[in-house]
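The values are calculated or read from the model by the stated rules, or taken from the named source; none is laboratory data. What you see is a predicted model, and the numbers here were worked out from it, not measured in a lab. Positions of Cβ are backbone-derived with ideal geometry, glycine not excepted, and every protein chain shown enters the neighbour counts. In case anyone asks, the SASA skips ligands and DNA or RNA and just uses the protein heavy atoms, side chains included. Shrake-Rupley method; radii C 1.70, N 1.55, O 1.52, S 1.80 Å.
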Amino acid sequence: MKQKKIIYLLLVNTIINLFIFSKIKIILYRSLLRYKISYKASLGIFSFIIAENVEICTGAKIGCFVLLLDNKKIILRENAKIYRFVKVLGLNSFYLGKNAIIGVDTCVISRHKDRYNNNVVSGGRFIVGDKTIITNKHMFDVLGNILIKR
């Protein structure tokens, strides 16, 4: 994403995170940013969601202090859970299957410098299958694609 768009989305996310109640946040994300978030999902305080395409299904939960920044597509299926202090940066696609869980303080990053023109390049897909659990404090560097499933 372009830097001006990211700054704008950060500003909007900061305003949205001033509200404590998850339902108000969902209404604001749906109306201001056109994200597809179920009214039966749950969003924790100070959780920033910045992506071009967002789909969060019924029963999905995002914990407190979660950063989902500069991603192209984020999909959380039914009852998927992201616990607190999780960072997901610069992915083409981030997918959590039904009842999948990502534990506390996990980091998923896909950013590197292109050798030839010195630009920061995003990429890679991170897919967690249905009923799969990633426990606490893991680090994933996604330059290609990662598929984790049961």
### Summary
By residue number, the members of the range 46-73 that are out of contact with any strand residue (DSSP E or B) (no Cβ under 6 Å at 6 or more places or on another chain) and open to solvent by 60 Å² or more (accessible area, probe 1.4 Å) are Phe46, Thr58, Phe65
### Query
Do you know which residues across the range 74-91 are touching a Phe, Trp or Tyr at 6+ places or on another chain (Cβ under 9 Å), closer than 14 Å to Val128 by Cα and open to solvent by 10 Å² or more (accessible area, probe 1.4 Å)?
Ile75, Arg77
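Can you confirm whether Ile20 is in contact (Cβ under 8 Å) with a residue 24 or more places away in the chain, over 17 Å from Val128 (Cβ atoms) and open to solvent by 90 Å² or more (accessible area, probe 1.4 Å)?
Numbers: in contact (Cβ under 8 Å) with a residue 24 or more places away in the chain: yes; over 17 Å from Val128 (Cβ atoms): yes; open to solvent by 90 Å² or more (accessible area, probe 1.4 Å): yes.
For Ile20, the condition - in contact (Cβ under 8 Å) with a residue 24 or more places away in the chain, over 17 Å from Val128 (Cβ atoms) and open to solvent by 90 Å² or more (accessible area, probe 1.4 Å) - is met.
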### Query
Which of the residues spanning the range 30-72 are under 19 Å from Ile127 (Cβ atoms) and of a type in the set (Val, Ile, Thr)?
Ile49, Val54, Ile56, Ile62, Val66
### Query
Does the range 2-22 contain at least one residue that is among the charged types (D, E, K, R), over 11 Å from the mean Cα position of the chain (by Cα) and modelled with pLDDT of 90 or more?
no
